[in-house]
Amino acid sequence: MECTEDADSRLLQQPWASVCFAESTTLMAKAWFGNTSYTLLLSDLSNVWYESADAEMIQQRSKKLNKRLTAHVSSFLNHLRSLICPLLEGKKNSSTCFSCQLSPSTLTLRVKSELSGLPFYWDFHCLAAPVELVSCHLVRPLMAMSLALQYQVQELASLLLRKDAEIEDYQEDGATLSRERLKTEPFKEETFQQTFEAETLPQACCLGDGHLFTSNLKELYMAVTREQARVACKRHREASGDSGTHEHPVSQDLAKGAVDLPTEEERTESQADTMALPSQTQKTQLPVAKVKRKKAKGLFD
């Protein structure tokens, strides 16, 4: 039997996807299907619902909904995986019908398909997810992603400033731009930030029908949650002494979102190191050495 720890960890590392289950119902979803169990997490950005079903529950529900079908639990799970996972990847299956009934406390997702030439029915009965689970799958990963993107922006700003200093050094050595259309204004971080807040930020804040993650952000989310799971497992091993008898399972660490984020002091030091640039009068400290004009062909005349 698959352990709860493994199922929780695997679900955590799945990306969120925007899925249209019915004409007027688009939800953020993530799911994991094993050999004897599944876990499903759904959200409309106002509420979050969750279901975890083991082999016994799946068998009982199957007997109730599909009296003419007799199969092993793994067969039902494989079929459910083939119905749900393509939706999470943005693919549609016209032969499968979905209907959804939701309230703040419950969500029922009904599926109608075929299995071995016979009608197949399935109901996902999801309840309101606990706060710990919401924090684990949304709040803490998004906080870590936000911090990672902030560091990325700082590094890019630092790189642009160094590039401007490099170009200025070339120009003072007599180089000129061969194509005028390639000319750019020196990068000013304050101006860039003002333009971003006025023009780009309003568009980013329009979540619309739940398209929360682009493909790049999905990859970043999975990288963050993989690290979160790794740290949780490491802490569990250290606390249990690798004996496997520790009373607190890894799943509890995951629910708490155990991930090491930099402290305020570390962030301040990192920002100072990232933005520290040589002054215009200290050209000998520039990372790019001067080159003769004839070596600059292809960039400058």
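Residue under question is S99, and the condition is that it be surrounded by fewer than 16 Cβ atoms within 10 Å (Cβ to Cβ), small (G, A, S), farther than 25 Å from E132 by Cα and in contact (Cβ under 8 Å) with a residue 60 or more places away in the chain; does it hold?
Values: surrounded by fewer than 16 Cβ atoms within 10 Å (Cβ to Cβ): yes; small (G, A, S): yes; farther than 25 Å from E132 by Cα: yes; in contact (Cβ under 8 Å) with a residue 60 or more places away in the chain: yes.
Here the answer is yes, as S99 does meet what is asked.
Of the set (1) open to solvent by less than 70 Å² (accessible area, probe 1.4 Å); (2) not in a helix (DSSP H, G or I), all apply to A157 but (2).
Outside any helix (DSSP H, G or I) and closer than 21 Å to L88 by Cβ - does that describe any residue in the range 166-178? Before you say what the answer is, go through the steps one by one.
Looking only at the range 166-178, we keep the residues that are outside any helix (DSSP H, G or I), and these are 173-178.
Then keep just the ones that are closer than 21 Å to L88 by Cβ; that gives none.
No - not one qualifying residue is present in the range 166-178.
Of all residues in the range 67-89, those being part of a helix (DSSP H, G or I), free of Cβ contacts under 8 Å to residues at least 12 places away in the same chain and charged (D, E, K, R) number 0.
Okay, residues lined up against (1) open to solvent by 40 Å² or more (accessible area, probe 1.4 Å); (2) in contact (Cβ under 8 Å) with a residue 24 or more places away in the chain; (3) touching a Gly at 6+ places or on another chain (Cβ under 8 Å):
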{"position": "D54", "(1), (2), (3)": "yes, yes, no"}
{"position": "R61", "(1), (2), (3)": "no, yes, no"}
{"position": "L65", "(1), (2), (3)": "yes, yes, no"}
{"position": "S95", "(1), (2), (3)": "yes, no, no"}
{"position": "S135", "(1), (2), (3)": "no, yes, yes"}
{"position": "L147", "(1), (2), (3)": "no, yes, no"}
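Number of residues in the range 58-96 that are more than 12 Å from F120 (Cα to Cα), modelled with pLDDT under 90 and basic (K, R) equals 2.
Across the range 10-52, the qualifying residues are those that are open to solvent by 20 Å² or more (accessible area, probe 1.4 Å) and among the aromatic types (F, W, Y), and the one among them that is nearest to the chain's Cα centre (by Cα) is W32. Residue count for the range 179-200 under the criterion of being assigned to a helix (DSSP H, G or I) and open to solvent by 90 Å² or more (accessible area, probe 1.4 Å): the result is 7.
The values are calculated or read from the model by the stated rules, or taken from the named source; none is laboratory data. Nothing here was measured: the structure is a model prediction, and the numbers come from that model. Neighbour counts are summed over all protein chains in view; Cβ atoms, including those assigned to glycine, are modelled from backbone coordinates with ideal geometry. Side chains included, ligands, DNA and RNA excluded: accessible areas come from the protein's heavy atoms. Shrake-Rupley method; radii C 1.70, N 1.55, O 1.52, S 1.80 Å.
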